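To start, the structure under review is shown below, and the notes come after it.
The values are calculated or read from the model by the stated rules, or taken from the named source; none is laboratory data. Just so we're clear, the structure is a prediction, and the values are computed from it rather than from any experiment. Here the Cβ positions follow ideal geometry from the backbone for every residue, glycine too, while neighbour counts run over all protein chains shown.
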Amino acid sequence: MDMSHYTAIATATGRDGRAVSSDGKLDVRLAMQKELGGTGDGTNPEQLFAVGYAACFATSMRFVAQAKKLDVTGMSVTAEVGLVPKEDGSGFRLEVVLRTKLPESLPPEAKSDLIEATHQVCPYSGATRGNIPVELLAE
């Protein structure tokens with residue numbers, strides 16, 4: 001592995017259990033989703049992935065917008081992470097929809113260009129590219 005600027009370390013016991021970061025700042029109870037037969041009494045890996053992807057994409061967008069001299073004050077990103085059965089029945093796969101809310105003052109073409117440029121820069125987008133479908137929406 002390359003030398004990283006930061007490495008997150010977390011330990012989990014499974015979908016019905018607990019997940020804790022090495023610094024103790026994240027300590028969550030995990031529970032299988034009701035839709036999958038669980039209690040739903042805790043968070044789940046898909047929610048954690050959605051939070052991470054939305055935060056990373058929003059931060060990357062601010063970086064790209066600054067380089068393009070665009071004001072994105074008030075912007076937000078909502079990530080929807082779906083857990084979808086594989087066609088062959090051998091388990092599940094992920095799919096993502098990223099809904100980006102940008103200022104009304106930006107023209108539609110500028111919004112689209114900004115979102116596409118961000119998708120090329122965001123580390124989560126880089127990790128998912130070619131592995132899972134990611135739909136990009138401007139709202």
Query - Verdict on PHE57 being of a type outside the set (Val, Ile, Thr) and farther than 16 Å from ALA8 by Cα - result: yes
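Every residue in the range 16-53 that is charged (D, E, K, R) and crowded, with 16+ Cβ neighbours inside 10 Å, please.
As a first pass, look at the range 16-53 and keep what is charged (D, E, K, R): 16, 18, 23, 25, 27, 29, 34-35, 41, 46.
Within the range 16-53, GLU46 is the sole residue that qualifies.
Looking at THR73, THR13, which one is over 18 Å from the mean Cα position of the chain (by Cα) and not assigned by TED's automatic domain parsing to the domain that holds TYR124? Write out each step before concluding.
Details: THR73 fails: not assigned by TED's automatic domain parsing to the domain that holds TYR124.
Exactly one of THR73, THR13 is over 18 Å from the mean Cα position of the chain (by Cα) and not assigned by TED's automatic domain parsing to the domain that holds TYR124, namely THR13.
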Query - Residue tally, condition assigned to a strand (DSSP E or B) and farther than 21 Å from ASN44 by Cβ, over the range 67-92 - result: 1
Report task. Only residues in the range 13-27 that are on the phi < 0 side of the Ramachandran plot count as the first member; pair them with residues that are among the polar types (S, T, N, Q) and part of a loop (DSSP other than H, G, I, E, B), Cβ under 9 angstrom, at least 6 apart or cross-chain, and list the lot. Result -> ARG15/GLN33; ARG15/ASN44; ASP16/THR39; ALA19/THR13
Report task. Please determine, by comparing only the residues of the range 10-45 that are in contact with a strand residue (DSSP E or B) (Cβ under 7 Å, 6 or more places away or on another chain) and hydrophobic (A, V, I, L, M, F, W, C), which one is nearest to LEU83 (Cα to Cα). Result -> LEU30
Query - Which listed residue is of a type in the set (Gly, Ala, Ser) and under 25 Å from THR13 (Cα atoms), from GLY130, GLY40 - result: GLY40
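Considering only residues that are outside any loop (DSSP other than H, G, I, E, B) and of a type in the set (S, T, N, Q), which ones fall in the range 93-139? Let's see the steps before the verdict.
Taking the range 93-139 as the starting set, the residues that turn out to be outside any loop (DSSP other than H, G, I, E, B) are 93-101, 108-121, 123-128, 134-138.
Residues satisfying the conditions are THR100, SER112, THR118, GLN120, SER125, THR128.
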Query raised in the report: In the range 76-120, what count of residues is obtained for those that are acidic (Asp, Glu) and either touching a Phe, Trp or Tyr at 6+ places or on another chain (Cβ under 9 Å) or closer than 16 Å to PHE57 by Cβ (or both)?
Result: 4
